[in-house]
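To start, the structure under review is shown below, and the notes come after it.
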Amino acid sequence: MVNLLEILEKKLFEFPFDLFIKRSAQNLATKIDRKGYRGIVLGASGGVDSLVTTALCLKTMGKRDKWKVVALQMNDSRIKEEVYNAEMYRSLGADLMQTDITTEAIDMEKSLGMPPRWLTEFLMKLVLRWMPTRARRWVILAVISGKAPEWILIYYQLLILLHRLRIARLKGYANHHGLMIVICSNLTESSLGYFVEQGIDDPQMGDYAPLSALYKSQVIRVAQLMGLPENVIHQRPSPGFGGIYDEEIIGPYELADLVLVGLRLGYSDAEITKAINAHTCKSRKKNPFRRKEPYEIQYVRFIRQLATLNDQKRQSESREDKNF
């Protein structure tokens, strides 16, 4: 009998991570040489993705004193409960540049007639933490598809404004200093459409996205191989909205990745559901305080819907580009 969980875990973790690190460094060096850049700049959120990306870039720069790696951290002082790990970028050897974008963000929000940020964050936490699961997932799918009620989309636009402001700042800095823009997004995010289009995590907005071929679980494995601290590796991933976490929206990354691999291999929702519950049973033996109730098939269907919406959006954009 085929053990689907073993197949999915093998696809995720029997991956040539050492070779990936080596090739990423080579690709970065080739792109910089080809375009004549003076170095690299990336958006430094403080999460494991941007720190792994920084470490990969610095590995490329190790023997090239003329190149530099700039980690540009653009913070809004109104946003609390976020961990930025500024000291980590410095300890890795990056040039950390911190800038406050609060005033610019407030001016943009006022000019667009947007609601107060505190109210937006409060409503989002209410939806994610108190709304029934089925209703919450409906809201998430409706927002991503653009079919949510107008008043909900207005609040969503306020949340993503900072991501677009940051990419504008990043591009301006890169152009001024002759640097290549590196985007820190991973394959899980791009597969689910879990990023802001034309924002700081959109791979299309930069020159290279070294983690775009890795699922989040694989990024964690690379972080461990590169010796990043455990507190950084296990820090709760966040979209930068202030005390809101990725896994409140898309579920645990370790399960989302298994589901995505299962979908890519063509397995049914029922088969994948059985596999991820086998995975949670294994995890509970290591940590008895983890979630005890089984994941239902609706979770797998939710991930499938996110991935399908994202594929449809990409196909639509591709057709529009060809027509243009």
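What follows is calculated from the coordinates using simple rules that are stated; it is not laboratory data. The shown structure was predicted, so the numbers you read here are calculated from the model rather than taken from an experiment. Using ideal geometry, Cβ is built from the backbone for each residue, glycine included, and neighbour counts are taken over all protein chains shown.
Kindly identify the stretch 1-104 as rounded, prolate or oblate by the Cα gyration tensor criterion: order the square roots of the eigenvalues as a ≥ b ≥ c, call it rounded if a/c is under 1.5, otherwise compare a/b with b/c, prolate if a/b is larger, else oblate.
Values: a/c = 2.78, a/b = 1.30, b/c = 2.13.
Note, shape of the stretch 1-104 comes out oblate.
Rounded to the nearest 20 debye, what is the charge dipole size of the stretch 4-323 about its Cα centre when +1 sits on each Lys and Arg Cβ and -1 on each Asp and Glu Cβ? Please list the in-between numbers first.
Working: 46 positive and 37 negative charges, 116 e Å.
For the stretch 4-323, the charge dipole is close to 560 debye.
Net charge around I21, counting only other residues with Cβ within less than 12 Å of its Cβ (Lys, Arg = +1; Asp, Glu = -1)? Show your work: numbers first, answer last.
On the way: positive: K22, R23, K59, R221; negative: D18.
My count for the surroundings of I21 gives +3.
Determine the distance separating the Cα centre of the stretch 153-217 from the Cα centre of the stretch 68-114; give it in Å without decimals.
Here the answer is 14 Å between Cα centres.
Can you pull a Stokes-Einstein diffusion coefficient for the stretch 55-139 at 20 °C (1.002 mPa s), Rh from Kirkwood over Cα pairs, as a whole number of µm²/s? Could the numbers behind the result be given before it?
Values: Rh = 16.4 Å.
This corresponds to a translational diffusion coefficient of 131 µm²/s.
Which value, in Å to one decimal place, does the Kirkwood hydrodynamic radius take for the chain when every pair of different Cα atoms is included? Present the calculation step by step, with values, prior to reporting the outcome.
Details: mean 1/r = 0.0478 Å⁻¹.
For the chain, the Kirkwood estimate is 20.9 Å.
Go through K171/K216; K31/K313; K35/K68 and tell me which ones have a Cα-Cα distance over 27 Å in this structure. The partial results should precede the final answer.
Details: K171/K216 25 Å; K31/K313 29 Å; K35/K68 15 Å.
In this structure, K31/K313 lie more than 27 Å apart at Cα.
Counting Lys and Arg as +1 and Asp and Glu as -1, what is the net charge of the other residues whose Cβ lies under 11 Å from the Cβ of I250?
Working: positive: R137, K216; negative: E189, D246, E247, E248, D257.
Local net charge: -3.
If the chain between R90 and M131 were fully stretched, how many nm would it gain, using 0.36 nm times the residue separation less the Cα-Cα distance?
Numbers: separation 41, 0.36 × 41 = 14.76 nm, distance 4.07 nm.
Separation in residues times 0.36 nm, less the Cα-Cα distance, equals 10.7 nm.
Based on alpha-carbon positions alone, could you give the equivalent ellipsoid semi-axes of the stretch 167-249 from the gyration tensor, as √(5λ), descending, whole Å? List each step's numbers first, then the result.
Working: eigenvalues 103, 53, 35 Å².
Computed over the stretch 167-249, the values are 23, 16, 13 Å.
How long is the gain from V232 to H176 if the chain were fully straight, where each residue apart is worth 0.36 nm and the alpha carbon distance is subtracted? If you can, show how the numbers build up before the last one.
Numbers: separation 56, 0.36 × 56 = 20.16 nm, distance 3.12 nm.
Computed gain between V232 and H176 is 17.0 nm.
Which of these, S91, S238, S45, has the largest mean-square fluctuation under a Gaussian network model of the chain (Cα springs below 10 Å)?
Sorting by GNM fluctuation, first place goes to S91.
In nm, what is the difference between 0.36 nm times the number of residues separating E6 and Q157 and their Cα-Cα distance?
Working: separation 151, 0.36 × 151 = 54.36 nm, distance 4.07 nm.
Length gained between E6 and Q157: 50.3 nm.
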